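The values are calculated or read from the model by the stated rules, or taken from the named source; none is laboratory data. As the structure is a prediction and not an experimental result, all values here were calculated from the model. Ideal geometry is used to build each Cβ from the backbone, glycine not excepted, and the neighbour counts take in all protein chains shown. Ligands, DNA and RNA are stripped out before the accessible areas are found, and what is left, the full protein with its side chains, is counted by its heavy atoms. Shrake-Rupley method; radii C 1.70, N 1.55, O 1.52, S 1.80 Å.
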Amino acid sequence: MCMYHMIRVVKMAATGMPKVVPCADLQSPDYDCLVVVTDTIGRLTGSLQPLANELNNQAKIDKNIDKGISILRTQVSPSGRLVYSPTGPLNRDYDDVRRFYDAAEKGIKRALDAGCKKPLLVRAPDDSFPKADYVTILGALHALYVPLEIREACADRRHKAEVLGVYSASSAEGLLKKACELADALEKGRIVTRDIGGSDPERMAAPRAAEYIQQVFSGTCVEVKVVEGAAEFKKEYPLMAAVNRAASVVPRHAGRLVFLEYKGEGNIEKTLFLVGKGITYDTGGADIKAGGIMAGMHRDKCGAAAVAGFFKILAELKPKGLRVVGGMPYVRNSVGEECYVADEIITSRAGKRVRVGNTDAEGRMVMADVLCKFKEEAADANNPELFTIATLTGHAIRAMGPNYSIIMNNGPARKLQTAYELQKAGDLYGDPFEISTIRRDDYDFHKGKSEYEDILQSNNVASSATPRGHQSPAAFLIMASGMDKHGIDSEKPLPYSHLDIAGSSGPFPGIPTGAPIIAMAAKYVLPRL
């Protein structure tokens, strides 16, 4: 019998996010600093000309004013403070909208260092990038995020700023108000993503992650169900159950499988199924991470964190015609007397005999059976697309660098051009993707090597040292979940894309980025508003 556990709702600290307010008056007394973002002083025209005059005077004594952050006195604002944060050039082949994001983030941080609590963000007229207003605000808000543990433990540090004003000389009042409202909703999603992804392995252990999610969506249009219990996992999600074995004997670490569902108003035109990897801490299991490489493994839950954050955006914006189902297996990959080991053969929910090659390849294990469940449900869904989202491989960082999500399509998703469309949306909103391809080599890699097994889970070396180390896990997920029966050659093709966010999820030490939920929202949510 499936056990849906209605968890205790506990009081959670406020988000710490300041109110985002459009402002039409540079001389408003409501702000204690102007933070100006542009590529060059020459763009400060019209109502911004007085700022240009002051900055040009500063340029007479500082020829590098356009190359770094400056703070100076101003007569334009009653606050008397001006932070100038230039983007750098915007017209080269490799410049993109993230120049605005980076400049806003740095400018706000400099304002905070100066003691400001009510900054007014100012962007000069610029049509280089159509979504620069949104991206600039999001960059500023990233600088103002306060980690969950700090909000809960330190009352005097719960807010970095009281308000964030936004002034844009290039946007009409109505458009600026809309930009602020949309950025506010997107940032609330990123806060949930950062809270879950960035919190330490005890604060966001599986039971407490489930409690947090229950609190976030209490009273909203998002339905939450939580499954628990080793027996239930073994019956319905056997690959996940194997990873959970060692942790299950410690109640505060025992796994949870959290399901979310959103159903927008009107006829459902599109259905998304999202599976997020929620490894609350990854010791590597029996194949333990040795040599000092275990630090930072509390961030192995950023895929599940992204799913929860995307649902927060849905709850805020309520797009019509869209149904979204999410599955987040929260599991600690512990080492101990009950841990699963290499050489075990475990039959997946799809009936595939999987030989474990490396217990540190646990992420694909916890997602495969949830993907299988969603595959079963997608057969009756309207216009479905399926996704797995995970900080899955070190190879993703080696292949594409530390700032990019990677997307890989199966055949039906390739026909939909899901990867290209998501990449295009990400480029607009500063949440970029690189595209990889799942090849026949990846399927061959995971074929069983003996009569005992159908599928080999992994080899026994690090993904970063394995050729095609970020592509082949997508093939494993397709094979172990039974998605290989729904390719372009089947009677019921199902579009599926795997997102590896090991690089884009953010630096450690540091604050998670919230990737890839802005790009996901840009593609699937914003067009429906």
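By the rule of a C-alpha distance below 21 Å, with chain neighbours fewer than 8 residues away ignored, the lysines paired with LYS234 are LYS225, LYS277, LYS352, LYS373, LYS375.
In loop segments of segment 52-106 as defined by DSSP, the chymotrypsin sites (Phe, Trp or Tyr not before Pro) with at most 15 further C-beta atoms inside 10 Å of their C-beta are TYR94. Rounded to the nearest 0.05, the FRET efficiency derived from the C-beta distance between LYS234 and MET294 at R0 = 25 Å is 0.40. Taking trypsin sites (Lys or Arg not before Pro) across segment 90-119, the ones in a DSSP loop with at most 11 further Cβ atoms lying within 10 angstrom of their Cβ are ARG92. Among beta bridges from DSSP that stay inside the chain, the antiparallel ones total about 35%.
Across the chain, Cα pairs under 8 Å and at least six residues apart give a relative contact order of 15 percent. For the peptides 254-266, 168-180, the ranking by mean Cβ contacts within 10 Å, running from highest to lowest, is 254-266, 168-180. Calculated mean residue ellipticity, 222 nm, the chain: -10500 deg cm²/dmol, from DSSP H runs (n ≥ 4) at -39500 (n - 2.57) each, averaged per residue and rounded to 500.
Solvent exposure of segment 392-529, expressed per residue, is 43 Å² of accessible area, with all protein chains present and a 1.4 angstrom probe.
Recomputing semi-axes √(5λ) of the Cα gyration tensor in Å from the coordinates shown identifies the correct label among [x] 43, 23, 22; [y] 36, 33, 24; [z] 48, 24, 20 as [x].
To the nearest 0.05, what FRET efficiency results for ALA465 and ARG440 with a Förster distance of 30 Å applied to their C-beta separation? It comes out at approximately 0.85.
Heavy-atom accessible surface of segment 248-338, averaged per residue, reaches 33 Å², computed with a 1.4 Å probe.
Residue pairs exceeding 21 angstrom between C-alpha atoms, taken from LYS131/LYS160; LYS118/LYS318; LYS263/LYS312; LYS235/LYS263; LYS263/LYS523: LYS131/LYS160; LYS118/LYS318; LYS235/LYS263. Here the accessible area of the chain is 49 percent carbon and sulfur, with a 1.4 angstrom probe and all protein chains present.
Shown here for segment 320-415: trypsin sites (Lys or Arg not before Pro) in loop regions (DSSP other than H, G, I, E, B) with at most 15 other Cβ atoms within 10 Å, namely LYS320. When +1 charges are put on Lys and Arg Cβ atoms and -1 charges on Asp and Glu Cβ atoms, the dipole computed for the chain relative to its Cα centre reaches about 540 debye. For LYS270, the residues 5 or more places off, or on other chains, whose built amide H falls under 5 Å of its own are ARG323.
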